[in-house]
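Below is one structure, written out as structure tokens; comments come after it.
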Amino acid sequence: MGLLSDPNRRRALISLLTRLNTPICGMPVEWLMKTMQAKGLEVFTQRFSRTLPFPDENKERYMVRGTNVYGILRAPRAPRTEALVLSAPCSPGDNNNQAVGLLLGLAEYFRNQIYWAKDIIFLVNEHDLIGMQAWLEGYHHTNTTGMDWSPLQGRGGSIQAALSLELSSDIITSLDLVLEGLNGQLPNLDLANLFYAFCQKIGVLCTIQGKLQRNDWDSVSGYSHAVQTMMLMVMKQASGRPWGDHGLFLRYHIEAATIKGVNSFRQYKTDATTIGRLLEGMYRKLNNLLERLHQSYFFYLMPSLSHFVSIGYYMPAFGLLAVILLLRALDLWVQLSTPPQRTEDGVTDIEPVRGTHFKTVADLLSLLTPLVISHLTGVALYMLPIRFQEMAVEHFPVSETEAVVLTAIAVYTAGLALPHNTHRLLSGEGTEQGWRVLKLVAVLYLAVLLGCTALINFSLGFILALTLVPVAAFVTPHVPKVLSAFILVILSPACTLLFSVFFFQELQEMPISFQDGWLLFLSVISQGILDHSLYGSLVYPLITLLVYPCWLLFWNILFWN
């Protein structure tokens, strides 16, 4: 009787793994290698190390060294050109030992089957995402993050799909499917459909975003539940961070998802054997694929596992916001192109502007100066927090992580005072034509920026559009300064992030106080910088180098006169 069907053997193996996997000794590499070899796999290891740009206080690590262990089950019925991956992160303690034990049980069961047409790679990665990043870079011979890792001694075929397993207990109440990956990427919808179909067939309770499936779609409560589930997906996708080990596979065009076991107070219970049957069925289906998963959608939002909203339905909402920018740009262009009206005696009704062309170098520089300084402020916001952390620690009683976050906030706040007087250095005062031309450039800049962002990460583009489009529409030098400045600050990227933190907690039905929310806000900033440095997340450079400078242009327009 194998590990998959014998609960006593599985409990004994997991108990031994728990004793060996201690915070002091780390992951039991030698034991994992011997166990995998005993099950008939080709076993290899990979060592890796990474020095973080500043300490990760959430996981209490700075110098990271570890070893990945993986075993390859060679396909007996194919030329071994394709592969599937089953992974389980192994952290010190007993956080995910149940998943590692189930992985070893599936390896033993799969080894006795003869129908595999693809290599099956069983991967146990240390230090969660960092270990997975090292293994994927080694497997694909790339190094995009500057991590040190040893070359892989064994490889399978081209990876077609991957599943990452996270189990908190041997008895669970439901399985939660996690889809959001790096930079908002999503796997092909067929992978989610496959998971849902097998859960229905075997009778396993399944959720998405931690929310159960509901049947009363026509009721107000059912509609509210679906909207809440979909908004959770929007918030997670907009963050750009990988919400599981699967999120790093998507960068290499590998369809992947994380299956997370949830042990709650529900009466419905599922054991590890049933989960093994579900995974075995999914891998048999993936094994029979003759081509990559591509028949279904890659851009979608899911209010439940049985329903989805395709790009053809949600993109018009963004398009309506983008139309406002285009109409505002057209209005500005007409104003700049229309000559001032004259009375019968030849006197103009309004003060004439300088014309639609730049007459002097000073006119041109008065517009280029705020553009350049706004973007230099963005560059400072991108580069200075990490570079100045040592100086901040020496002069202030703060940790390295606090120094990085507080430096970022200081540069962000300083940017509000820098650009809005720059044009006066050359011309002495701002002209009507000057702010209109600057706003025309800023509006078109914002339209292109939001459009490109929405094509890559719709959720992030939509959230930015909700806050920045009203700013671009109403701001002029002639509106009330104090009230308008307050509105601009409220709709700035930093405040949008702060509000998103509280909104996300409300969607999860875990409301927090303002003090806890502020601390979580600071943690989100540090994690965003770390995700960019460690995994190549694009959200932090997008906000600092493009979105924030664009917002500063509108701040500049408000204080033009």
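The values are calculated or read from the model by the stated rules, or taken from the named source; none is laboratory data. Computed from a prediction, not measured in an experiment: that's the story for all the values here. We place every Cβ from the backbone using ideal geometry, glycine too, and count neighbours over all the protein chains shown. Side chains included, ligands, DNA and RNA excluded: accessible areas come from the protein's heavy atoms. Shrake-Rupley method; radii C 1.70, N 1.55, O 1.52, S 1.80 Å.
Computed quantities for the displayed model
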{"item": "Mean residue ellipticity (222 nm) of the chain, computed from DSSP H runs ≥ 4 via -39,500 (n - 2.57), nearest 500", "result": "-16500 deg cm²/dmol"}
{"item": "Antiparallel content of DSSP bridges confined to the chain, in %, to 5", "result": "60 percent"}
{"item": "Spacing of the two label points (7 Å from each Cα toward its C-beta) at K285 and Y297, in nm", "result": "1.8 nm"}
{"item": "Net +/- balance of residues flanking F388 in space, Cβ distance below 12 Å, scoring K and R +1, D and E -1", "result": "-2"}
{"item": "Accessible carbon and sulfur surface of the chain relative to its total accessible area, %, 1.4 Å", "result": "62 percent"}
{"item": "Rounded to 10°, Cα long-axis angle of helix 220-239 versus longest principal axis of the chain", "result": "80 degrees"}
{"item": "Contact order relative to length of the range 19-144, as percent, for alpha carbon pairs under 8 angstrom and 6 or more apart", "result": "29 percent"}
{"item": "Added length on full extension, which subtracts the Cα-Cα distance from 0.36 nm per residue, Q228 to L545", "result": "111.0 nm"}
{"item": "Angle in degrees between helix 493-507 and the longest Cα principal axis of the chain, rounded to the nearest 10", "result": "40 degrees"}
{"item": "Sites L320 and Q508, calculated FRET efficiency, Cβ-Cβ separation with R0 30 Å, nearest 0.05", "result": "0.55"}
{"item": "Fraction of beta bridges assigned by DSSP in the range 28-305 that are antiparallel (%, nearest 5)", "result": "55 percent"}
{"item": "FRET efficiency for K34 and V372, using Cβ-Cβ distance with R0 set to 51 Å, rounded to 0.05", "result": "0.25"}
{"item": "Length-normalised contact order for the chain - Cα pairs under 8 Å, 6+ apart - percent", "result": "15 percent"}
{"item": "Approximate spin-label separation I114-L336, in nm, with each point projected 7 Å along Cα-to-Cβ", "result": "7.5 nm"}
{"item": "Radius ratio Rg over Rh of the chain, counting only Cα atoms, Kirkwood formula for Rh", "result": "1.05"}
{"item": "Filter on K118/K269; K118/K201; K34/K236 - keep pairs with C-alpha separation over 30 Å", "result": "K118/K269; K34/K236"}
{"item": "The range 134-292 - share of DSSP beta bridges that are antiparallel (%, nearest 5)", "result": "50 percent"}
{"item": "Distance between the range 50-109 and the range 138-153 - C-alpha centres, whole angstrom", "result": "16 Å"}
{"item": "Local net charge near R292, Cβ-Cβ under 11 Å (Lys/Arg +1, Asp/Glu -1)", "result": "-4"}
{"item": "Between the range 531-552 and the range 181-243, the alpha-carbon center distance in angstrom", "result": "27 Å"}
{"item": "Probe 1.4 Å, protein heavy atoms only - accessible area per residue of the chain in square angstrom", "result": "45 Å²"}
{"item": "Restricting the range 69-140 to chymotrypsin sites (Phe, Trp or Tyr not before Pro) in coil, as DSSP defines it, with at most 14 other Cβ within 10 Å", "result": "Y115"}
{"item": "Cβ-derived FRET efficiency at R0 35 Å, K269 paired with T81, nearest 0.05", "result": "0.30"}
{"item": "Rg to Rh quotient for the range 28-305, alpha carbon positions, Kirkwood Rh", "result": "0.95"}
{"item": "Once exposed loop GluC sites (Glu not before Pro) are cut out (DSSP; at most 10 other Cβ, 10 Å), longest piece of the chain", "result": "61-290"}
{"item": "In degrees, nearest ten, helix 29-38 long axis to first principal axis of the chain (Cα)", "result": "50 degrees"}
{"item": "Neighbourhood charge, 10 Å Cβ-Cβ cut-off, centred on L136 and excluding it, Lys, Arg +1 and Asp, Glu -1", "result": "-1"}
